[in-house]
Amino acid sequence: MESEDAFYLTAVDARRYDFGSAMRGYDRARVDQFRDLVADEMERLTKLNTDLEEKARGFHEQLRAFRERDRALNEALISAQQLRADMKEQAGREAELILAEARAAAERVSADAQARIASLRHELEALERARRTYLAELKMYAERQLAEVAAAEQRRPPGADIPPTP
């Protein structure tokens, strides 16, 4: 904090300051040399101070920007968390809906399969009856044929009594 009684001296003030002259006073060349050294150092320090003030302003601006980014990031994080919660809830509802649809589809498939199984059983039973009928008819046909063969073997053909010629 600066006081009201602060003394402000610039490099130009140091260069122009007149020490006056007195008898048996200081060596004027040495005073001028020292005054130039003081003025050079004041210029260097003034420039350094100006540079540091500019850096400080830059740092303050960066700090303000970082604080704004931090606030924006916090808001984005809160929004992302809310969005995640909303998406999780929505995904849960969608999963329940998909599960219900899958169960309904499974029940339909199961019912269709049961109906197909019943139909195939009826078809199989009909085929089995047809097979038994076919086999019974085939057996009767074969038995008739065998009976005819047996009857034919029992009958002698005409001329069966003639001996074969040598």
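Laboratory data are not the source of any read-out in this text; all were calculated from the coordinates shown. In this text the structure is predicted, and so the values were computed from the model without any measurement. Virtual Cβ from ideal backbone geometry, glycine too; neighbours counted across all protein chains shown.
Straight-line reach from Lys139: taking Cα to Cα under 20 Å and skipping same-chain neighbours fewer than 8 places apart, the aspartates and glutamates in range are Glu128, Glu148. Remark: the range 122-133, residue by residue, has Karplus-estimated 3J(HN,Hα) of 4, 4, 5, 4, 5, 5, 5, 4, 5, 5, 4, 4 Hz, where x stands for each Gly or Pro and the curve is 6.51 cos²θ - 1.76 cosθ + 1.60 at θ = phi - 60°. Give the residue list of GluC sites (Glu not before Pro) in the range 1-108 that are DSSP loop and have at most 10 other beta-carbon atoms within 10 angstrom. Here the sparse-neighbourhood loop sites are Glu2, Glu4.
The trypsin sites (Lys or Arg not before Pro) of the range 11-83 meeting both criteria, a DSSP state outside H, G, I, E and B (loop) and at most 14 other C-beta atoms within 10 angstrom of the site's C-beta, are Arg24. For Lys55, the lysines whose Cα falls under 20 Å of its own Cα, not counting residues fewer than eight places away in the same chain, are Lys47. Qualifying chymotrypsin sites (Phe, Trp or Tyr not before Pro) in the range 1-90, where qualification requires a DSSP coil assignment and no more than 10 other C-beta atoms within 10 Å, comprise Phe7, Tyr8.
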